[in-house]
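Working notes, structure below.
The values are calculated or read from the model by the stated rules, or taken from the named source; none is laboratory data. Just so you know, these numbers come straight off a predicted model, no measurement behind them. We place every Cβ from the backbone using ideal geometry, glycine too, and count neighbours over all the protein chains shown. In case anyone asks, the SASA skips ligands and DNA or RNA and just uses the protein heavy atoms, side chains included. Shrake-Rupley method; radii C 1.70, N 1.55, O 1.52, S 1.80 Å.
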Amino acid sequence: FSSNGSAGLCRSSKQHDVIGLSNLCVDIVIPVQQLPAADPDARQALLQQLTAAPPDEQHWELGGNCNFMIAAARMGMRVGSIGHVGNDVYGRYMDRVLQEERIAATTRIMPAALSGTELDRTLLCFVLVDKEGKHAFCSRYDFGPWPLLGGVSTLPPCVAQVLCSTAAVFTNGFVFDELPLELVKQAIYTASNAGAAVLFDPGPRAFTMKSGSRRAALDMLISLSDVVLMTEEEAVEVTGLADPQAAAEAVLARPNCKTEWCVVKLGGDGALLVTKSPQIEVHRAGAFKVGAAARAAATPQLQLLFVYMFAVLLGVCMHGMLCCCARISS
């Protein structure tokens, strides 16, 4: 791959190669002497304090799905964005950085009628890092009320149009914290029915999706996904199976499920890839040794893996993709 788009990708006839759906946020990295206690009330008070007086822009960086989109764009893909960006200083920062990375302007999912309301705020995640490099997160995702964008009840026509104009859609489990479940279903069905591949990462919020309507929504999204990626811990939450291979095979064996690949990251043991067609095949790769800085950048590297998965959909060799899984797991 190269960043100029001339690496031999089999271009789709669609306007975009891939769209990042929801979970657009600005990470604000704050050095601290000591990580805060896990007490929810104390964390919520800390969030209010941090939000009222955030640090300078030099401590800001894009987070969430923005990492995936930036990685995809740097590999030469035509990338679009659908989600919520507030009319505030953080939203203007996000728009500027995404534009610099040659990502199409974000198609706003919040209707204009809600402009200027309490919902019209860019989502922030404060990343607290102590002197040993350990970190903790503090954001509205932790406290709700969920969904964070509960005032959005229907997909604007412009969003549906973009969903129909892409070869693939990537989203993660945070989408359930942001958008009403019916809206998530509508977005995924719109893209899937238009022929888009769906790439899904349940993510660290998988533990909130074990029952009720959220479980039903998770099952729907997995069933519509061409590619599913989970860490070993998330695989247990999603399937109830402790064995990674059994968990991956269980995802592929779901009735009426279109999933073709399931990857389970195994940390220092590398990565496991199970494919379904034409028959179940299991591929493993050991971990690559990387520096501490690379391990700390887990989120953007995790999103980068999905870029490689999408590249597989376009015909890139499976061995290279699995080696990327292993490198990210190390």
Please enumerate the residues belonging to the stretch 138-154 that are touching a residue at least 24 places away in the same chain (Cβ under 8 Å) and open to solvent by 20 Å² or more (accessible area, probe 1.4 Å).
-> ARG140, ASP142, PHE143, TRP146, PRO147, GLY150, GLY151, SER153, THR154
Evaluate the following for GLN58: is it under 24 Å from ILE30 (Cβ atoms), free of Cβ contacts under 8 Å to residues at least 60 places away in the same chain and polar (S, T, N, Q)?
-> yes
Could you tell me whether the stretch 238-251 includes any residue that is touching a residue at least 40 places away in the same chain (Cβ under 8 Å) and in a helix (DSSP H, G or I)?
-> no
Does HIS135 satisfy the criteria of being open to solvent by less than 70 Å² (accessible area, probe 1.4 Å) and not aliphatic (A, V, I, L, M)?
-> no
Of all the residues that make up the stretch 175-194, how many are open to solvent by 30 Å² or more (accessible area, probe 1.4 Å), within 25 Å of LYS14 (Cβ to Cβ) and of a type outside the set (A, V, I, L, M)?
-> 5
Pick from ASP201, ASP177: which is acidic (Asp, Glu) and without any contact (Cβ under 8 Å) to a residue 40 or more places away in the chain?
-> ASP177
Name, by its number, the condition in (1) under 18 Å from the mean Cα position of the chain (by Cα); (2) modelled with pLDDT under 95; (3) closer than 30 Å to LEU35 by Cβ that does not hold for ASP88.
-> (1)
Subset of the stretch 250-259 (residues that are within 22 Å of the chain's Cα centre (by Cα) and either among the basic types (Lys, Arg) or open to solvent by 60 Å² or more (accessible area, probe 1.4 Å) (or both)) | LYS258
Which of the residues belonging to the stretch 18-50 are within 23 Å of the chain's Cα centre (by Cα) and either among the hydrophobic types (A, V, I, L, M, F, W, C) or modelled with pLDDT under 90 (or both)?
-> VAL18, ILE19, LEU21, LEU24, CYS25, VAL26, ILE28, VAL29, ILE30, LEU47
